[in-house]
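Here the structure comes first, spelled out in structure tokens, and everything after it is commentary.
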Amino acid sequence: MLGHNCFNMGKRLIDYTAEQFIEILLNAYFHEVSNVRPNKKPSINTEFLTRKEAASILKISLPTLDRLTLNGDIKVYRIGNMKRYKKDEILMSTKKVEENKYRRGQF
């Protein structure tokens, strides 16, 4: 491997073969991408809720839950043909839903 710093060794661009140049570009690209992308692993302990469970926690009806989902206020995850909600996201959105619950004319 040539590494992503090999241009600093005094060689001119024309001194590299096409394969070496491609390897340099790929190494530099992967080095930059690895610095930008977080190394966050998905939580294995994520608990998913059914529509009924989510609506019960939020104290809203199923049609209201559907409307909030369609509006993008609450994120839904599809597992096969089933809709599921992350429990932690539902609990975080409880306050937001309560604030919007009593507004009139905003459907």
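The values are calculated or read from the model by the stated rules, or taken from the named source; none is laboratory data. This structure is a prediction, so every number in the text was calculated from the model and none was measured. Cβ sites come from the backbone with ideal geometry, for glycine too, and all protein chains shown count toward neighbours.
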Can you pull out every residue in region 52-66 that is over 11 Å from S93 (Cβ atoms) and not in a loop (DSSP other than H, G, I, E, B)?
K52, E53, A55, S56, L62, P63, T64, D66
When region 1-45 is examined, which residues are found to be modelled with pLDDT under 80, within 29 Å of the chain's Cα centre (by Cα) and of a type in the set (S, T, N, Q)?
S34, N35, N39, S43, N45
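From the residues in region 83-99 that are closer than 14 Å to T69 by Cα and exposed (fewer than 15 other Cβ atoms within 10 Å of the Cβ), which one is modelled with the lowest pLDDT?
Here the answer is K96.
When the residues of region 70-95 are narrowed to those that are among the β-branched types (V, I, T) and in contact with a helix residue (DSSP H, G or I) (Cβ under 9 Å, 6 or more places away or on another chain), which ends up farthest from R51 (Cα to Cα)?
Start the filter on region 70-95 by keeping residues that are among the β-branched types (V, I, T), which leaves 74, 76, 79, 90, 94.
Adding the requirement that they be in contact with a helix residue (DSSP H, G or I) (Cβ under 9 Å, 6 or more places away or on another chain) leaves 74, 76, 90, 94.
On the way: I74: 12, V76: 9, I90: 11, T94: 15 Å.
Only one residue fits best here, namely T94.
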Within region 67-75, is there a residue that is modelled with pLDDT of 80 or more and among the β-branched types (V, I, T)?
yes
